[in-house]
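First comes the structure, then the notes that go with it.
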Amino acid sequence: MILIQISDLHISDPGEPLDQLARTTERLAIAVDQINAMSPRPDGVIASGDLVNECRTSEYERLRQTLAPLQVPVWLMVGNHDARDELRFVFDDHAYLGDSGFVHYTVDDLPVRLIALDSQIPGKTAGALCPTRLQWLEDQLAAQPDRPTMIFLHHPPFRSGIDRMDANGLTEGRDELAAVIARYGNVLGVYAGHVHRPISTMVGGVPAQTCPSTAHQLGLDLARRDGVTIVAEPPACLMHTWQPDSGLVTHQVYLATYPVLADIKLA
Ligand SMILES: [Fe+2]
């Protein structure tokens, strides 16, 4: 199985300050082209939240248009910049999004089962996994305790060391999520977005990793307390590969074309 994770697309309307700064739609189109050109072809794409920037229907329509050329299935998740109702309205043919309440679901037709969580607190930058959402996760894991499973949520369930992002991170349910994961032996890892950087650690005894943004990245500054910087580091995504005999391996893939410096044939 090959699963591509993209995150923090932040699709913005033309002329908006973020679109001028980060060319969000253009960058997503580059990602779509690059994913379509991958060989072997991925089984699908999961987008781990902050799909748009201002919760506008017009942005979700722009997102839909930009994703349309994608030749593999895509599963959408909510982040703190998303609106559940607007997302469901524009992507009304994405049945897995449900009709109301939290946008959480499972993907059961891949070799690895995917569980997408909703860590949004509407109107807030920080995220939460309340008892209702944690119970839903526990129920899903209990239903298929023997299948290899990956868990996705927008807010990373760990402290990154970047002060302002941690202050606006997963403020409720972090320890409880780690405890749920630790109770099941079939969770391969937990994958997030939100921090616009690649960061990895362990949570509940399994790998935990964040996906960079398809658009703008945050600067790595572990000393600053009064803000964050946006830097021109390259957009990237994650490629999660899984085979029964070698397990889960995750690659970071830059969303740009780089020249080949040498092509070396090996015996
Ligand atoms: Fe974001």
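Output yes when any residue across segment 46-66 is outside any strand (DSSP E or B), more than 15 Å from the ligand (Cβ to nearest atom) and within 16 Å of the chain's Cα centre (by Cα), and no when none is.
Checked against the condition, which is being outside any strand (DSSP E or B), more than 15 Å from the ligand (Cβ to nearest atom) and within 16 Å of the chain's Cα centre (by Cα), segment 46-66 yields no hits at all.
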task = Among the numbered conditions (1) without any contact (Cβ under 8 Å) to a residue 40 or more places away in the chain; (2) among the basic types (K, R); (3) away from the ligand (no atom under 16 Å from the Cβ); (4) closer than 29 Å to P17 by Cβ, tell me where R224 comes up short.
result = (1)
message = Within segment 249-257, does at least one residue satisfy the condition of being modelled with pLDDT under 95, surrounded by fewer than 20 Cβ atoms within 10 Å (Cβ to Cβ), of a type outside the set (D, E, K, R) and away from the ligand (no atom under 16 Å from the Cβ)?
response = yes
note = Counted residues in segment 200-219 being within 16 Å of the ligand (Cβ to nearest atom) and more than 15 Å from L170 (Cα to Cα) come to 9
query = Residues in segment 227-243 that are away from the ligand (no atom under 16 Å from the Cβ) and either in a strand (DSSP E or B) or in contact (Cβ under 8 Å) with a residue 24 or more places away in the chain (or both): how many?
reply = 5
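Here's the yes/no breakdown for (1) within 14 Å of the ligand (Cβ to nearest atom); (2) within 18 Å of the chain's Cα centre (by Cα); (3) surrounded by 14 or more Cβ atoms within 10 Å (Cβ to Cβ):
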position	(1), (2), (3)
I11	yes, yes, yes
P14	no, no, no
Q34	no, yes, yes
A37	no, no, no
P40	no, no, no
message = Considering only segment 129-141, I want to know if a residue exists there that is farther than 21 Å from D82 by Cα, modelled with pLDDT of 95 or more and touching a strand residue (DSSP E or B) at 6+ places or on another chain (Cβ under 6 Å).
response = yes
One residue from A143, A178 being more than 30 Å from L255 (Cα to Cα) and either free of Cβ contacts under 8 Å to residues at least 24 places away in the same chain or under 17 Å from the mean Cα position of the chain (by Cα) (or both) = A143
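The values are calculated or read from the model by the stated rules, or taken from the named source; none is laboratory data. For clarity, every value in this text was computed on a predicted model and none was experimentally measured. Every residue, glycine among them, receives a Cβ derived from its backbone with ideal geometry; neighbour counts consider all protein chains shown.
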